[in-house]
1. At 1.4 Å probe size, with every protein chain present, just tell me what the per residue accessible area of region 1-59 comes to in Å².
2. Given +1 on the Cβ of Lys and Arg, -1 on the Cβ of Asp and Glu, and no further charges, what dipole in debye does region 151-243 carry about its Cα centre, rounded to the nearest 20?
3. If amide H atoms are built 1.01 Å from N in the plane of the peptide, which residues on other chains or at least 5 residues away come under 5 Å of the amide H of T145?
4. Which links in K86/K251; K225/K251; K39/K136; K86/K136 stretch past 27 Å when you go from one Cα to the other?
5. For Y68, which sequence-distant residues (separation of 5 or more, or a different chain) have an amide H within less than 5 Å of its own amide H, given hydrogens modelled in the peptide plane?
6. Using only C-alpha atoms and all pairs of different ones, pull out the Kirkwood radius for the chain in Å with one decimal.
7. What FRET efficiency comes out for Q188 versus Q15 if R0 is 41 angstrom and r is the Cβ-Cβ distance? Round to the nearest 0.05.
8. Any idea what angle helix 128-139 forms with the longest principal axis of the chain, computed on alpha-carbon atoms, 0 to 90 degrees, nearest 10?
Amino acid sequence: MSGSDYIGHEDAWAQWHRALSGTRMHHGWILSGRRGVGKSAFALAAAREWVAEDGIAQPAGEHPDILYISHPPKDDKEAKKRADGKPFEVARNIRIDQIRQLQHRLTTRPSFGARRAVIIDPADDMETPTANALLKSLEEPPQGTIFLLIAHRIGRLLPTIRSRCRILAFPEVGEADMQAVLAREAPQASGDERDAAIAAASGSPGAAIDFVELALGRIHQLMRKIADEGDPSFALRGELSAAIGARPDRKRQLAILELARAVIAARLEGVVPPQIPALVETHAELSRLAAQAPTANFDAGLLIMQIGTLLTQIAAPREAANG
């Protein structure tokens, strides 16, 4: 799929092409939106449009004037795996030495023509010293160089960086389009599995494609049943634990947390006022767990039980009303 084929990119491309055809191109751009909506593909395609100049042949593969910075290997052992072409574990953050190396590279001439593009993916995974180092280049960009900063959580970027960039917003994708994407990319998935993946993905086609492989349909059914009926006997929570598995990896844990948040969010529409505090509190707690999950070492069994217990909290008023 090319960078121009993604759903929801039409407005971003229109803004980019207006700027590209103008008399003066802004040097800094923030591509903001949920993870998995295609921002990286857009950045690479837009960068190629920028560096392409009339009368100068461009390479078909990797372009030496498009500098792509992302998470490095976690340590020397993981770096060796990457060098050997093996899967490797990445560091939590983009590091300051990567920005220093970039700045040294920017003192040299481009390989083709007079233009160069820098992509940082994701820019919101820079600690403050690293972001401040990048800020120096944004304040005094080399002639012909543009920066494309991918941000999944734009609020984490320094205000000084945001103020120096134009923002391209990438919207969440609607359910009908998400169903079409999964029908094309995961035709083997059942309807329940697709529905669960879409609920957990919150408008991100990339996330939905990842999640559909995790077969979340039965888990989604159990979560909704717990939220609807409660679980005074703990039987449903036992079924939920069995459906999730004894040792879910981090990817599965993250998907399950997102799915639980989606179950809560779906109940916020049309809810009666007495139920709102419990729903909001439960959603906030799940959001806190989801924010910690990428780096925290949760006990999987306890995490699953905690998710199930949080879901029962929103059913409690119905249990009381029926009792």
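The values are calculated or read from the model by the stated rules, or taken from the named source; none is laboratory data. Everything quoted here is computed from the prediction, not taken from an experiment. Don't worry about glycine lacking a Cβ; one is built from the backbone with ideal geometry, like all the others, and counts go over all protein chains shown. The area values use the complete protein model at the heavy-atom level, side chains included, leaving out ligands, DNA and RNA. Shrake-Rupley method; radii C 1.70, N 1.55, O 1.52, S 1.80 Å.
1. Details: 3030 Å² over 59 residues.
For region 1-59, the solvent-accessible area averages 51 Å² per residue.
2. Working: 11 positive and 13 negative charges, 151 e Å.
For region 151-243, the charge dipole is close to 720 debye.
3. So T145 has HN proximity to R116.
4. Working: K86/K251 19 Å; K225/K251 24 Å; K39/K136 24 Å; K86/K136 35 Å.
From K86/K251; K225/K251; K39/K136; K86/K136, over 27 Å: K86/K136.
5. Those lying under 5 Å, H to H, from Y68 are I119.
6. Values: mean 1/r = 0.0453 Å⁻¹.
With all distinct Cα pairs of the chain included, I get 22.1 Å.
7. Values: r = 37 Å, r/R0 = 0.91.
Between Q188 and Q15 the formula returns 0.65.
8. 40
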